[in-house]
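Colleague: Here it is, the structure, as structure tokens.
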Amino acid sequence: RPRPWGTTQIIKDIRGGSAFQDLPESEKLLNIQEHLKEIELNTEQDYFHGNCPTIEIETQGYNVGSFVLPDFNKEFRSKGDALIQVTSSPLLTNEECDNIINLAEEHFQGDWSKLPSGRFEICGSWIKDIPSVKESFNTLLREKLFPSLAHLFPDVVKDVSDLRIQSAYLFKYTPESGEKTDMHMDSSLLSFTILLNDPDEFEGGGTFYESLGEHGETVTMGKGHVCFRPAGLRHRGQPITSGQRYVIGGFVTVASKDGCEHTRQLLTRGTKALADGDTSHARDLFELAKQYCPEFSETYMSYAHCQRKFGDLTGALKSYKAAHEANPRNADSAFMVGVMYGELGNDDDAMKWYKLATELNEYDGDAWYRQGLVYSRKGMTNAEREMYQQAIDVQPNHADAHCNLGCSFGEEGDVENEIKCYERALEIEPTNDDALNNAKAAYYYRGVDLYRAGDLDGSLKAFDRILNGIAPNEPSVLAAYNAVLKEKQEKEAS
Ligand SMILES: O=C(O)CCC(=O)C(=O)O
Ligand SMILES: [Fe+2]
């Protein structure tokens, strides 16, 4: 089997040491402590766990090649590299699926809440917050889902009664706002996705896996089918273009010290230390993670974030590149390499990496947006605007892209469109400083222009918009408003 990503040598070159060192006992113990604490705090109450009947299911496996998982890489592969397992026949009956959809629709009464996924949002809810669905889901866990996981991954799930749900959601994808999940790893050990309705009821959809095929592939399923997989495989819920798509996602862990994921724990502890300002401890933990799982791309990302926070831009650049070499399909590392080149003042290389990021993940709104920024510095207004438009197409809530698109209209004298863009940016982010300042200026000039054209009411309206929500009590605007108002009153009196 050809090895698509020959990372070992690169990693060795970067690290200058041998791969896969074991962890110090003390750190292992701390990881296990954290793991057991997480289980105690986050899992027990809401969902079924315990002994379940065993079942045998047939699945179709999808081969993820040599993609390296953060933990249990060897145990997951005890039967080969087909780590994504989709049931060959529906695991849920039609009635079970319809029942859950009906209960959820009854619960929301047409007014669905939204759950965030990275930069995006999707209609849906945590299952624990929909009591009727939770009940059905618990039955499924006991009768079908936990037994399947134990059957498919016996070297990871040694005892089915150790399985715990960390969290579970129900999504209803709708086409209107282009809902999709951001590319991500699930933050559990095992995951499953259930499709609840017929694929004829929507266009698009499916789950895109970065590690499949040559450039990633979308896996689709039939109604009632389930996809079981290690949670560490990066993936994305694809947008639909019509209809609706109902899915359940479940995130599962193993509640024993054997289920402790050391790489993940090191990264989580390090990220927490970083957030608490304990940068050198964070750095030590990330360093350990690099030694423990040297082929896992995210460890280099975390280490790089740390270096960047220390102000070591060149070091961070090198680490982001290492992350990218460990997983050349990861758009996020490509994006960060671009950001570092940008911060080092090298726009041309930054541009190359932002472009790569959008090739790898067309939904990376920030990578489109930053290409716009580079074009703007080069004075290439059309290209600039095209990039902001792309950012908005894939990420309609990208406030900065709306704001900068507005600027580019303004520079051409198209105040109408300019203002529309700022208003949209402010709808999304009411405190966006750039949007506030730009909107203030644009409305001010519009107020002055309308005054000069003799449209006093229009002029007042423009100034009024500034005073109501954009820059209340701004003295110059207040003065302009009062002057126009006085003129209007005098006119009306005469
Ligand atoms: O919508 C999908 O197919 C995948 C959603 C997802 O990210 C998950 O189930 O973990
Ligand atoms: Fe996911």
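Colleague: Identify the residue in the range 215-231 that is among the small types (Gly, Ala, Ser) and more than 11 Å from ligand 1 (Cβ to nearest atom) and, among all such residues, is nearest to residue 91 (Cα to Cα).
Modeller: Once the filter is applied, the top-ranked residue is 224.
Colleague: Taking the residues in the range 108-141 that are among the acidic types (Asp, Glu) and over 24 Å from residue 53 (Cα atoms) as candidates, determine which candidate is most open to solvent (accessible area, probe 1.4 Å). Lay out the reasoning, then the answer.
Modeller: We begin by selecting, within the range 108-141, every residue among the acidic types (Asp, Glu); these are 111, 121, 129, 135.
Remaining after also requiring over 24 Å from residue 53 (Cα atoms): 111, 121, 129.
On the way: 111: 115, 121: 96, 129: 78 Å².
That would be 111.
Colleague: How about the range 148-163: which of its residues are open to solvent by less than 30 Å² (accessible area, probe 1.4 Å), in contact with a strand residue (DSSP E or B) (Cβ under 9 Å, 6 or more places away or on another chain) and either without any contact (Cβ under 8 Å) to a residue 12 or more places away in the chain or in a helix (DSSP H, G or I) (or both)?
Modeller: Result: 148, 149, 150, 152.
Colleague: For the range 231-246, name all the residues that are in contact (Cβ under 8 Å) with a residue 60 or more places away in the chain, more than 10 Å from ligand 2 (Cβ to nearest atom) and over 21 Å from residue 28 (Cβ atoms). Quick ask: steps written out before the conclusion?
Modeller: The first filter runs over the range 231-246 and keeps only residues in contact (Cβ under 8 Å) with a residue 60 or more places away in the chain, leaving 232-234, 236-237, 239-246.
Of the ones still in play, those that are also more than 10 Å from ligand 2 (Cβ to nearest atom) are 232, 239-246.
If the condition is that a residue be in contact (Cβ under 8 Å) with a residue 60 or more places away in the chain, more than 10 Å from ligand 2 (Cβ to nearest atom) and over 21 Å from residue 28 (Cβ atoms), then 239, 240, 241, 242, 243, 244, 245, 246 are the ones that fit.
Colleague: Identify all residues within the range 227-246 that are within 14 Å of residue 200 (Cβ to Cβ) and in a loop (DSSP other than H, G, I, E, B); write none if there are none.
Modeller: Scanning the range 227-246 gives a single hit, 244.
Colleague: Could you check how many residues of the range 457-473 are open to solvent by 20 Å² or more (accessible area, probe 1.4 Å) and part of a helix (DSSP H, G or I)?
Modeller: To start, the set of residues in the range 457-473 that are open to solvent by 20 Å² or more (accessible area, probe 1.4 Å) comprises 457, 461, 464-465, 467-469, 472-473.
Keeping just the survivors that are part of a helix (DSSP H, G or I) gives 457, 461, 464-465, 467-469.
Residues that pass the stated criteria total 7.
Colleague: From (1) under 24 Å from residue 299 (Cα atoms); (2) modelled with pLDDT of 90 or more; (3) not in a helix (DSSP H, G or I), pick out the condition that doesn't hold for residue 92.
Modeller: (1)
Colleague: Does the range 244-256 contain at least one residue that is of a type in the set (Val, Ile, Thr) and more than 20 Å from the chain's Cα centre (by Cα)? Before the answer, list the steps.
Modeller: Residues of the range 244-256 that are of a type in the set (Val, Ile, Thr), as a first pass: 247-248, 252-254.
Right, trim to more than 20 Å from the chain's Cα centre (by Cα) and you get 253-254.
Yes, some residue in the range 244-256 is of a type in the set (Val, Ile, Thr) and more than 20 Å from the chain's Cα centre (by Cα).
Colleague: Separate question: Exactly one condition in (1) modelled with pLDDT of 95 or more; (2) open to solvent by 60 Å² or more (accessible area, probe 1.4 Å) is not met by residue 493; state its number.
Modeller: Going through the list (1) modelled with pLDDT of 95 or more; (2) open to solvent by 60 Å² or more (accessible area, probe 1.4 Å), residue 493 breaks only (1).
Colleague: Could you list, in sequence order, all residues of the range 329-355 that are without any contact (Cβ under 8 Å) to a residue 24 or more places away in the chain and open to solvent by 20 Å² or more (accessible area, probe 1.4 Å)? Even if it seems obvious, please write down each step before you answer.
Modeller: Of the range 329-355, the ones without any contact (Cβ under 8 Å) to a residue 24 or more places away in the chain are 337, 345-346, 348-349, 351-355.
345, 346, 348, 349, 352, 353, 355, listed by residue number.
Colleague: Moving on to the next point. Which of the following residues is open to solvent by 10 Å² or more (accessible area, probe 1.4 Å) and modelled with pLDDT under 95: 214, 201? Quick ask: steps written out before the conclusion?
Modeller: Numbers: 201 fails: modelled with pLDDT under 95.
Going through 214, 201 in turn, just one is open to solvent by 10 Å² or more (accessible area, probe 1.4 Å) and modelled with pLDDT under 95: 214.
Colleague: To continue, here is another question. For the range 193-222, give me each residue that is small (Gly, Ala, Ser), in contact (Cβ under 8 Å) with a residue 24 or more places away in the chain and away from ligand 2 (no atom under 15 Å from the Cβ). Let's see the steps before the verdict.
Modeller: First pass over the range 193-222, keeping only residues small (Gly, Ala, Ser): 204-206, 211, 213, 216, 222.
Now narrow it down to the ones that are in contact (Cβ under 8 Å) with a residue 24 or more places away in the chain: 204-206, 211, 216, 222.
Listed by number, the residues that qualify are 204, 222.
Colleague: Also, I was wondering about something else. Among the residues of the range 97-106, is there at least one that is assigned to a helix (DSSP H, G or I), in contact with a Ser or Thr (Cβ under 8 Å, 6 or more places away or on another chain) and surrounded by fewer than 16 Cβ atoms within 10 Å (Cβ to Cβ)?
Modeller: Scanning the range 97-106, I find at least one residue that is assigned to a helix (DSSP H, G or I), in contact with a Ser or Thr (Cβ under 8 Å, 6 or more places away or on another chain) and surrounded by fewer than 16 Cβ atoms within 10 Å (Cβ to Cβ), so the answer is yes.
Colleague: Ok, one more. Does the range 127-150 hold any residues that are touching a His at 6+ places or on another chain (Cβ under 9 Å) and within 18 Å of residue 58 (Cβ to Cβ), and which are they?
Modeller: Scanning the range 127-150 gives a single hit, 146.
Colleague: Does residue 359 satisfy being assigned to a helix (DSSP H, G or I), open to solvent by 30 Å² or more (accessible area, probe 1.4 Å) and either hydroxyl-bearing (Ser, Thr, Tyr) or closer than 28 Å to residue 28 by Cα (or both)? Outline the logic, then answer.
Modeller: Working: assigned to a helix (DSSP H, G or I): yes; open to solvent by 30 Å² or more (accessible area, probe 1.4 Å): yes; either hydroxyl-bearing (Ser, Thr, Tyr) or closer than 28 Å to residue 28 by Cα (or both): no.
Criteria not met by residue 359.
Colleague: Among the residues of the range 247-267, which ones are within 10 Å of ligand 1 (Cβ to nearest atom) and not aliphatic (A, V, I, L, M)?
Modeller: In the first step, residues of the range 247-267 are kept if they are within 10 Å of ligand 1 (Cβ to nearest atom); the result is 247-251.
Hits for the range 247-267 are 249, 250, 251.
Colleague: While we're looking at this one, here's another question. With the requirement that a residue be surrounded by fewer than 22 Cβ atoms within 10 Å (Cβ to Cβ) and either within 18 Å of residue 216 (Cβ to Cβ) or in contact (Cβ under 8 Å) with a residue 40 or more places away in the chain (or both), what does the range 297-328 give you?
Modeller: 318, 325, 328, listed by residue number.
Colleague: Now, a different point. Would you mind telling me which numbered condition in (1) away from ligand 2 (no atom under 16 Å from the Cβ); (2) polar (S, T, N, Q); (3) assigned to a strand (DSSP E or B) residue 166 fails?
Modeller: Condition not satisfied by residue 166: (1).
Colleague: Shifting gears a bit: Cβ-Cβ distance below 9 Å, separation of 6 or more or different chains: which pairs start in the range 172-192 with a residue that is at positive phi and at pLDDT below 90 and end on one that is acidic (Asp, Glu) and more than 8 Å from ligand 1 (Cβ to nearest atom)?
Modeller: If the second residue must be acidic (Asp, Glu) and more than 8 Å from ligand 1 (Cβ to nearest atom), the pairs left are 178/393.
Colleague: Please specify each residue of the range 250-269 satisfying the condition of being in contact with a helix residue (DSSP H, G or I) (Cβ under 9 Å, 6 or more places away or on another chain) and within 16 Å of ligand 2 (Cβ to nearest atom).
Modeller: Here is the first cut: in the range 250-269, the residues in contact with a helix residue (DSSP H, G or I) (Cβ under 9 Å, 6 or more places away or on another chain) are 250, 252-269.
Passing the criteria: 250, 252, 253, 264.
Colleague: Could you grab me the full set of residues in the range 225-271 that are open to solvent by 10 Å² or more (accessible area, probe 1.4 Å), among the hydrophobic types (A, V, I, L, M, F, W, C) and touching a strand residue (DSSP E or B) at 6+ places or on another chain (Cβ under 8 Å)?
Modeller: 251, 255
Colleague: Further, regarding this structure: Right, residue 228: in contact with a Pro (Cβ under 6 Å, 6 or more places away or on another chain) and not acidic (Asp, Glu) or not?
Modeller: On the way: in contact with a Pro (Cβ under 6 Å, 6 or more places away or on another chain): no; not acidic (Asp, Glu): yes.
No: the conditions fail for residue 228.
The values are calculated or read from the model by the stated rules, or taken from the named source; none is laboratory data. Here the structure is a predicted model, which is why all the values come from computation and not from measurement. Here Cβ is always computed from backbone atoms with ideal geometry, including for glycine, and neighbour counts include all displayed protein chains. For the accessible areas, the whole protein counts, side chains as well, though only heavy atoms, and no ligand, DNA or RNA atoms are used. Shrake-Rupley method; radii C 1.70, N 1.55, O 1.52, S 1.80 Å.
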